[in-house]
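The values are calculated or read from the model by the stated rules, or taken from the named source; none is laboratory data. Bear in mind that the values here come from a model prediction, so they are computed numbers and not experimental data. Glycine also receives a Cβ, built like all others from the backbone with ideal geometry; neighbour counts cover every protein chain displayed. Note: accessible area is taken over every heavy atom of the protein model, side chains too, but ligands, DNA and RNA are not part of it. Shrake-Rupley method; radii C 1.70, N 1.55, O 1.52, S 1.80 Å.
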Amino acid sequence: MPFRFSTPGVTLFSLVAAGIMSLFRAPKKHIRTSRPSQPPCVSRVQEIVNTHSDCTAEVFNIFVKGRRSVRIFSDITPGDRVGLHLHGSTVTVTVGTARVATAVLPESSRLPEVIHGGHSFEAYLGGRDEQNVSEEADFASIIVFYILDGVPPTRVNLCHT
């Protein structure tokens, strides 16, 4: 059986090769194991809800699609104002002057009455589904506050998971 031994040159070459190879490894991903008790965006939205305690509130979901729309929409955070434009039972959500999403309102929605009746309203990004955000798609909720005669204020409970 032949006897093998390593020379300093081979050992040094192996260490340098291992060091170079480690530079090409993907960085380790840090997994967050604990969640903060209340994300900052929830407290911001809660402040908005508190200032609109005398209003009726409606919440509807939107699907933002396409790189351009998602890029524009990703610049806003929960609690930021958005614009609404109504076309029949379809509402268009805007950020600044850019249209980012459309949604079909349920028949029970009073938003057509509010918007077509010239009543004032305020619409905000209520939250987004952080687990399903990509460069091509974003899922979010819009919360709208308004006052209509004969319609009682809505008690809004914010839930986060």
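Structure data summary
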{"item": "Accessible area expressed per residue, the range 59-140, with surrounding protein chains retained (probe 1.4 Å, Å²)", "result": "58"}
{"item": "Surrounding net charge for LEU111, when Lys and Arg each add one and Asp and Glu each subtract one, Cβ distance under 15 Å", "result": "-3"}
{"item": "Gain in span if fully extended, HIS85 to VAL133, counting 0.36 nm per residue against the direct Cα distance", "result": "14.8 nm"}
{"item": "Net length gained if the chain between ALA57 and SER108 were fully extended (0.36 nm per residue, minus Cα distance)", "result": "17.1 nm"}
{"item": "Percent of alpha-carbon pairs separated by more than 19 Å within the range 41-147", "result": "41"}
{"item": "Amide H within-cut-off set for ASP80, under 5 Å, with H built and near neighbours excluded", "result": "LEU125"}
